[in-house]
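Comments concern the structure below.
The values are calculated or read from the model by the stated rules, or taken from the named source; none is laboratory data. Because the structure is predicted, anything quoted here is derived from the model rather than measured. Cβ coordinates were reconstructed from backbone atoms using ideal geometry, including for glycine residues, and neighbour counts include every protein chain displayed.
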Amino acid sequence: MLHGSCLCGGVKYEISGELSGVLNCHCSMCRKAHGATFRSRASVNASDFTWVQGEELVKHFESSPGNHRGYLRRVNAVLLSNLVDGF
Amino acid sequence: MNANYSGQCLCGEIRYSVDIEPVFTGNCHCKDCQRSSGSAFIPAMIFPEKDVVVSGDVKYFESQADSGYLHKRGFCSNCGSQLFARFSNMPGMLGIKAGTLNDSSNYVPKLDFYVGSAAPWDFMNPELPKKQGAAQS
């Protein structure tokens, strides 16, 4: 079981399955969104992902059609990307 | 004349420009920067805040850093991008996260710090000096 959270701890999640598509994305949109050199991301099956707490605190920004970047409204820890089509 | 450094958030709501050189540049690998960015480290530049021109509504979140000082992280409430930081031990200074620069090649890090907290998959430039903890320690 993998466990994760945002910086303030308001949002917590668990992942029970395997990660896939594990990579660092260096595109300009990821650099802007994260303020960092790259975004470190992975995909999980939705059925393997569980919100422990704080799902209602997550706001999504659709940076391009189908890519909803999830972040915590009060802290701004960037947590998730929900890709409609996945990759 | 173009500013030395300019940048914006992902949606363009917040923009900034600076016409001087930063007083510090370095990559912070602390756990808070990993959590807040979702990445391995934050590439940070420090400027006197009076020299940074900012447009747009910046929201700040405050947390206590590993150093014990207060750290305010500035972000866009529309798209969630992180851009700025204020530090209680550096009054009058503003941190800018270099990932938000319009031209990424303008950022030249001089130091890796909090490398003792770095993720095992965080590969660093071996030519940069390393500090286990805070940059100024």
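Within region A:5-22, which residues are in a strand (DSSP E or B) and more than 11 Å from every other protein chain (Cβ to nearest Cβ)? Matches in region A:5-22: A:Lys12, A:Tyr13, A:Glu14, A:Ile15, A:Ser20, A:Gly21.
The residue pairs whose first member lies in region B:112-128 and is closer than 12 Å to B:Ile42 by Cβ, whose second member is among the β-branched types (Val, Ile, Thr) and in a loop (DSSP other than H, G, I, E, B), and whose beta carbons are closer than 8 Å, counting only pairs six or more residues apart or on different chains, do not exist in this structure. Inspection of region B:14-27 finds a residue satisfying the criterion of being in contact with a helix residue (DSSP H, G or I) (Cβ under 7 Å, 6 or more places away or on another chain) and part of a strand (DSSP E or B). Residue pairs whose Cβ atoms lie under 6 Å apart, sitting 6 or more positions apart in sequence or on different chains, and linking a residue in region A:51-71 that is more than 10 Å from chain B (Cβ to nearest Cβ) to a partner that is among the basic types (Lys, Arg) and assigned to a strand (DSSP E or B), are A:Val52/A:Lys12; A:Gln53/A:Lys12. Screening the candidates B:Asp103, B:Asp51 for the property of being in contact with a strand residue (DSSP E or B) (Cβ under 9 Å, 6 or more places away or on another chain), charged (D, E, K, R) and within 14 Å of chain A (Cβ to nearest Cβ) yields one hit, B:Asp103.
Applying a threshold of 6 Å to beta carbon distances and a minimum spacing of six or more residues, or different chains, the list of pairs starting in region B:17-34 at a residue that is on the phi < 0 side of the Ramachandran plot and modelled with pLDDT under 95 and ending at one that is β-branched (Val, Ile, Thr) and buried (at least 18 other Cβ atoms within 10 Å of the Cβ) reads B:Cys33/B:Ile42. Exactly one residue among A:Arg39, A:Arg31 is of a type in the set (D, E, K, R), under 12 Å from the mean Cα position of the chain (by Cα) and either surrounded by fewer than 16 Cβ atoms within 10 Å (Cβ to Cβ) or within 11 Å of another protein chain (Cβ to nearest Cβ) (or both), and that residue is A:Arg39. Of the residues examined, B:Leu83 is one that is in contact with a helix residue (DSSP H, G or I) (Cβ under 9 Å, 6 or more places away or on another chain), outside any loop (DSSP other than H, G, I, E, B) and in contact (Cβ under 8 Å) with a residue 60 or more places away in the chain.
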